[in-house]
Every structure is written in structure tokens, then in C-alpha cells.
Amino acid sequence: MRLVIDRQLCAGHAQCVLAAPHLVELGPDDKSALIDGADPADHPEEARDAELLCPELAISLVE
Amino acid sequence: MPLLTDLDPRPVGDMDLPYLDNGSPQYEEDSYGVIEALRAESWLVRSRYGYTVLSYPLAKEIKKSASFVRIFDAVTPQESEYLFDKAQRSVSAQSGPTLVRMRRLMLQALRPRMVAQLQPQMRAIFDDLLDEVALVESPDLVRDVVDRYPGLVMGPILGVPFAETRELDRWASTINILGRHAAYATQLGEVEAAYRQMEQYLLAVIDDRRRHPTTDILGELIAAADADPGTTDDELLMLTHAIVNASIDNVRSELALTIEALVDHPEAWTALKSDPDLVGAVVEEGLRYSPAGDDIQHRVPETVAFHGVQFPEGTLVFINKKAVNRDPEAIDDPHAFRLDREASPHLTFGFGLHSCVGATVARAAIAEAVLALAERVRSWERAGAPERGPMASGGAPLTLPLRLELEPRRRGEDPDADVVGVD
């Protein structure tokens with residue numbers, strides 16, 4: 001399971017940061033970034049919510 | 001913009017700020033002229049019910065900050081205890097895990113990724129409406145087409161018969177008057193009545209869907225909420241309200257405003273006609289150039305210092321969408337309608353935690369309508385002054401008098417196509 005963030009599409013709403021605090025954080029450019037070493041498989045609910053909640057459709061969960 | 005320190009913030013009440021009279025006829029007639037005169041003086045102005053932010057970067061900071069809480073409207077308990085109570089419980093007023101849970105339910109039902117499949121249907125509905133007006137003497141594109149389109153599109157998506165969308169639309173438009181602060185005193189009773197009627201209707205829908213489940217948005221939302229033990233009946237009511245209230249009124253207003261912008265910008269219109277791939281740029285620039293809404297409302301739950309200004313607990317802070325969408329700090333040549341921008345930054349759908357969950361559906365519905373027009377309008381030019389809706393709708397046209405020439409519909413693979421074509 002992999003979480004892919006399209007940083008071109010990301011607008012920094014940070015919905016995913018709220019939904020998946022173990023997986024995603026805001027980078028210095030105010031766009032979402034995967035937390036180093038975080039594994040979506042450890043938090044599958046969070047990963048699915050991050051994908052679902054992104055208003056820009058910038059996140060995909062690749063199973 | 002210089003970042004003022006928070007070391008010595010001045011209480012906002014002590015500051016000598018310019019006044020934006022956002023209920024005045026001058027503002028209704030020439031919002032952008034009024035805004036630009038004020039922007040030259042300050043990023044923050046006093047307004048009828050609190051303070052209004054004109055700067056895009058600072059508005060975005062407010063949207064990201066937990067110190068400014070989104071409110072659905074600015075009704076006080078003295079004005080209406082009922083509406084105040086509803087506002088407190090609305091999705092807009094939620095935060096933290098409750099908000100995440102509610103947004104998850106709404107997005108499960110909306111399934112943004114499914115929208116692409118609905119687009120051909122939207123296009124066909126708009127084409128049907130154009131076919132109908134082609135037969136009418138002096139048709140009005142907004143009154144006869146745009147006004148009916150969102151109900152026809154959203155009815156089946158929501159799971160509501162078209163006839164009932166008209167009523168929902170009327171209630172939603174009335175409820176959205178809450179955004180028009182000048183109207184409070186005289187219209188609050190009307191707003192409260194509309195809210196109660198909408199609530200009765202939604203309670204009946206919830207009851208019906210529980211007995212007869214459906215796969216439309218309301219059906220999916222009700223099923224998802226019922227499957228989630230954390231969601232109460234009251235929250236479900238608020239969820240259905242949030243979706244229904246936003247889905248028809250706003251699409252109609254934004255589409256009407258976008259069409260008006262295209263009529264007034266022939267170079268953009270010609271470019272779109274020769275390259276329909278520009279439709280995405282048209283939709284985004286339309287959202288920026290003329291937002292279907294006046295402001296986004298916030299309350300400060302605790303005294304907060306922000307860029308040198310101290311807002312006392314309870315202060316209402318508004319983000320003026322027209323002002324921020326045309327802030328020269330955020331965008332070059334802000335008063336021009338251009339399709340060659342790399343991005344059209346805007347806060348028309350809000351931003352951050354409370355950003356519009358229906359944005360994908362709204363963008364698709366506007367795009368399909370614009371594409372149909374680009375293909376079928378041979379020419380259009382203004383033939384009179386439009387009637388306009390309230391500022392709460394961004395002053396969207398209710399009528400748009402045009403000299404209008406339409407092409408017949410392309411029949412695709414229809415064998416009669418050659419016979420039908422007039423060219």
C-alpha cells in the first residue's frame with residue numbers, strides 16, 4: 001500500500017494532515033508531504049481518509 | 001505585505017479603520033470601485049457587522065488559523081434563538097475530529113471521482129434547455145436556461161424530483177440571505193421560516209430513505225451516517241442541510257456570473273470557441289473574477305493578535321471574496337479576465353478545513369454548460385441591463401438581455417445530422 005501525493009495539485013488545504021496525522025505533514029512550502037518512514041499499511045484508515053478528503057483530488061492510495 | 005509583529009497589537013476598536021458599508025447601494029453598484037479605494041488605505045476595514053479582510057494572503061492565513069472559527073452566519077441569539085442554535089450546530093461551525101467525521105461522510109456520498117461519469121448527462125441537460133429556448137421568442141439565457149439547469153442537474157444527483165428542487169432552491173436562496181447583512185432586520189423572519197421548511201423536508205427525506213434506501217447523494221449520505229455509530233440524527237440533518245443548501249443556488253449564480261464575464265470579454269470567448277480545452281481555465285477564472293458570494297464569516301472565540309491587530313473575543317471577522325480574489329498581491333492584472341494565467345487563485349470555494357465539498361460537482365456542472373455554449377452560441381451581445389440577485393449571491397444576474405444567435409445541436413452520429421445542420 002502506497003500513498004501518492006501530487007504536489008502540483010496540492011493546494012495546502014491540509015485536510016489530509018488532519019485525517020492522517022501519522023502519515024502526512026505540511027512541508028515548508030505549505031503543501032502536504034509524506035512523513036519520512038511512515039507506512040500507510042500501519043494506518044490504512046487514515047490513508048483512505050486522506051485520499052477521500054482531499055478537495056483537489058491530489059492524493060491516491062495505491063493498494 | 002510587511003509582517004507586523006504581534007508584540008504590540010492594537011485593540012481593533014481603537015484603530016482608525018476605513019469603513020466598508022457592505023449594505024450600501026454604492027457597494028451593490030460598484031463593489032470593486034469601493035473595494036479598491038479602501039484597499040489603498042488598509043488590508044482591514046470596519047464593516048456593518050464586524051471587520052472585513054481585503055488581503056488574499058492574510059485571508060488565507062485566517063483560513064489556516066484555529067483562532068478564527070468559521071460560522072455559518074452572524075445571527076445573534078437576540079435576533080433569532082432558533083437560527084443561532086442551528087448555526088452553532090451546522091457543519092460550518094464544527095472543528096477537529098467532528099468536522100473530519102462529517103466531511104468524510106459528505107465526501108463518501110459525493111464521491112468526487114464519480115463526477116466525470118455524470119458530465120455527459122450534464123451536457124445533455126444543458127443542450128436540451130438550449131433546444132427549448134431556441135424555439136422561444138427573445139429567450140433569456142439566464143432566466144430560461146441557467147435558472148433551470150442546476151435543479152435539473154442536481155435533482156437526480158441528490159435524489160430529489162425536479163419539481164421539489166424548485167422549492168429547495170427557493171428556501172436555500174432565502175437562507176443564503178443571511179450572508180447579506182443589511183437584510184437581517186427585515187428578513188430574519190422569512191429566513192427562519194425557510195429554514196424550518198427545509199428542515200421538515202429533509203426530516204421526511206431521511207425517514208423515507210431509511211425505509212427505502214437509494215444510491216443518490218442523499219441516500220448514500222443517510223446510509224453512511226446511519227452506519228457510523230458516532231453520528232447523531234441531528235448531525236445527519238445538518239449534513240443533508242449543508243449539501244442541499246449549497247448545491248443549487250450557488251451553481252446557478254456562479255454559472256450566470258461566468259457567462260456574463262464571457263459576454264463581456266470577447267477575446268476570451270473567441271479563444272474558448274476555437275479551443276474548447278480552455279474550458280478549465282474559463283471555469284477557474286470565472287470563479288476568481290466573479291465569486292457567487294460576498295463574504296466568508298468567522299468568529300474569534302478568544303482574544304487574538306493578528307498582524308498587529310488585537311481582535312477581542314467574539315469579534316466577527318469577514319473575508320470579502322471579491323476583494324481577495326482580485327488582490328494585486330496574489331495575482332497580476334487582477335481586474336482582467338484572462339485565460340492565459342498559470343493559476344487563478346481564489347477563495348470562492350473557501351479554503352482549508354471548511355472548503356466546499358461540492359467543488360468538483362460545481363466545476364463540472366459549470367464546465368459542461370460553458371462547453372455547450374461555446375459550441376452552440378454563434379454570437380451574443382448585450383441588449384440591456386440585467387436584473388441582479390442579492391449580494392449574497394455575488395449580485396449574480398437573474399436575467400441577461402442579449403442579442404443571441406444559436407446554432408442547432410450537433411447530432412453526433414445521428415444519421416439525420418446532415419439534414420438538420422443549417423450551415
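Structure notes:
- Flag for residue B:264 being crowded, with 24+ Cβ neighbours inside 10 Å, under 29 Å from residue B:392 (Cα atoms) and either touching a residue at least 12 places away in the same chain (Cβ under 8 Å) or among the aliphatic types (A, V, I, L, M) (or both): no
- The strands (runs of 3 or more DSSP E) located wholly in region B:276-377 that include 2 or more residues which are farther than 30 Å from residue A:49 by Cα and either in contact (Cβ under 8 Å) with a residue 12 or more places away in the chain or not hydroxyl-bearing (Ser, Thr, Tyr) (or both) occupy B:304-306, B:309-311, B:316-320.
- One residue stands out among those in region A:1-10 that are part of a loop (DSSP other than H, G, I, E, B) and away from every other protein chain (no Cβ under 12 Å): the one that is surrounded by the fewest Cβ atoms within 10 Å (Cβ to Cβ), which is A:7.
- Within the option set B:291, B:312, being of a type outside the set (Val, Ile, Thr) and buried (at least 22 other Cβ atoms within 10 Å of the Cβ) holds for one residue only, B:291.
- In region B:85-102, the residues that are within 14 Å of another protein chain (Cβ to nearest Cβ), assigned to a helix (DSSP H, G or I) and of a type outside the set (D, E, K, R): B:91, B:96, B:97, B:98, B:99, B:100, B:102
- So residue B:82, is it in contact with an Asp or Glu (Cβ under 7 Å, 6 or more places away or on another chain), more than 14 Å from chain A (Cβ to nearest Cβ), at pLDDT 85 or above and more than 19 Å from residue B:348 (Cβ to Cβ): yes
- Residue in region B:15-66 that is modelled with the highest pLDDT, counting only those that are acidic (Asp, Glu) and either under 27 Å from residue B:355 (Cα atoms) or touching a Gly at 6+ places or on another chain (Cβ under 6 Å) (or both): B:36
- Only a single item in (1) in a helix (DSSP H, G or I); (2) at pLDDT below 90; (3) loosely packed, with under 15 Cβ neighbours inside 10 Å is not met by residue B:168, and it is number (3).
- Filter result for residue B:110 (buried (at least 21 other Cβ atoms within 10 Å of the Cβ), within 14 Å of chain A (Cβ to nearest Cβ) and more than 30 Å from residue B:401 (Cα to Cα)): yes
- Every condition in (1) surrounded by 15 or more Cβ atoms within 10 Å (Cβ to Cβ); (2) at pLDDT below 90; (3) more than 11 Å from every other protein chain (Cβ to nearest Cβ) holds for residue A:28 except the one numbered (1).
- Within the set B:355, B:379, the sole residue that is over 26 Å from residue B:120 (Cβ atoms), away from chain A (no Cβ under 14 Å) and not aliphatic (A, V, I, L, M) turns out to be B:379.
- Among the residues of region B:126-147, not a single one is hydrophobic (A, V, I, L, M, F, W, C), within 14 Å of chain A (Cβ to nearest Cβ) and surrounded by fewer than 19 Cβ atoms within 10 Å (Cβ to Cβ).
- Test: residue in region A:11-22 that is within 9 Å of the chain's Cα centre (by Cα), more than 9 Å from chain B (Cβ to nearest Cβ) and either among the acidic types (Asp, Glu) or assigned to a helix (DSSP H, G or I) (or both): yes
- Test: residue in region A:38-58 that is touching a residue at least 12 places away in the same chain (Cβ under 8 Å), within 13 Å of another protein chain (Cβ to nearest Cβ), surrounded by fewer than 15 Cβ atoms within 10 Å (Cβ to Cβ) and charged (D, E, K, R): no
- Residue identified as without any contact (Cβ under 8 Å) to a residue 24 or more places away in the chain, buried (at least 20 other Cβ atoms within 10 Å of the Cβ) and not polar (S, T, N, Q) among B:222, B:175, B:248, B:217: B:222
The values are calculated or read from the model by the stated rules, or taken from the named source; none is laboratory data. Owing to the predicted nature of the structure, the values given are computational and were not obtained by experimental measurement. As a convention, Cβ positions derive from the backbone with ideal geometry for all residues, glycine included, and neighbour counts pool all protein chains shown.
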